[in-house]
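Contents: one structure, followed by commentary.
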Amino acid sequence: MSDHDTIIRYGLEPSGAGGQQLPFSPAVRAGDFVYISGQVAMNERGEIEQGGIEAQTRRTMENVKKVLGLAGCGLSDVVKITVWLDDTRDFWTFNRVYREYFGEQPPARSCVRSQMMVDCKIEIEAIAYKPLPR
């Protein structure tokens, strides 16, 4: 069985509030695709970033970048993003910050309003495409 036929899980160390183990993998590689679990604006102390949607979008995007990095990927490898916003009034501010990360070559995206499982304003998951060396 080659690396192309296996599933690789990344980032299984405790990463939740208070250093607790969460019941999912932050990133999973399946062949040439990497799936990033939903990231929120959790800082290094396991606390949600204080501030409004701008600060939380930046922290969440930095967390997405960090988890992508675990699998050897970057934002340029992302082909699809799914975003959940807690408040539809945050949409335009979110878009302004989001554009800073993806510029003129953004991935496909879905964005919906949803009640969050933790006290945050945004959650983002990603799918990246980065072929393994043959």
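The values are calculated or read from the model by the stated rules, or taken from the named source; none is laboratory data. In this text, all values refer to a predicted model and were calculated from it rather than measured experimentally. Ligands, DNA and RNA are excluded from the accessible area calculation, which covers all protein heavy atoms including side chains. Shrake-Rupley method; radii C 1.70, N 1.55, O 1.52, S 1.80 Å.
Taking a probe of 1.4 angstrom, what is the accessible area of Ile7 in Å², to the nearest 10?
Counting only protein heavy atoms, the figure is 100 Å².
For the chain, with every protein chain kept in place, what is the accessible area per residue (1.4 Å probe, Å²)?
Value for the chain: 58 Å² per residue.
Where does helix 53-70 land angle-wise versus the long Cα axis of the chain, in degrees 0 to 90, nearest 10?
Once rounded, the angle reads 10 degrees.
Lys121: which lysines have alpha carbons under 28 Å from its alpha carbon, excluding same-chain residues fewer than 8 sequence positions away?
Lys65, Lys66, Lys80
Tell me, what is the percent relative contact order of the chain, built from C-alpha pairs under 8 Å that lie six or more residues apart?
30
Roughly to the nearest percent, how much of the accessible area of the chain is carbon and sulfur, given a 1.4 Å probe?
Accessible surface attributable to carbon and sulfur in the chain totals 51 percent.
Using the Kirkwood radius over C-alpha pairs as Rh, can you work out the diffusion coefficient of the chain via Stokes-Einstein at 25 °C, viscosity 0.890 mPa s, in µm² per second?
160
Largest first, what is the accessible-area ranking of Met116, Met61 with a 1.4 Å probe?
Met116, Met61
Quick one: helix 91-102 against the long Cα principal axis of the chain, what's the angle to the nearest 10°, folded into 0 to 90?
40
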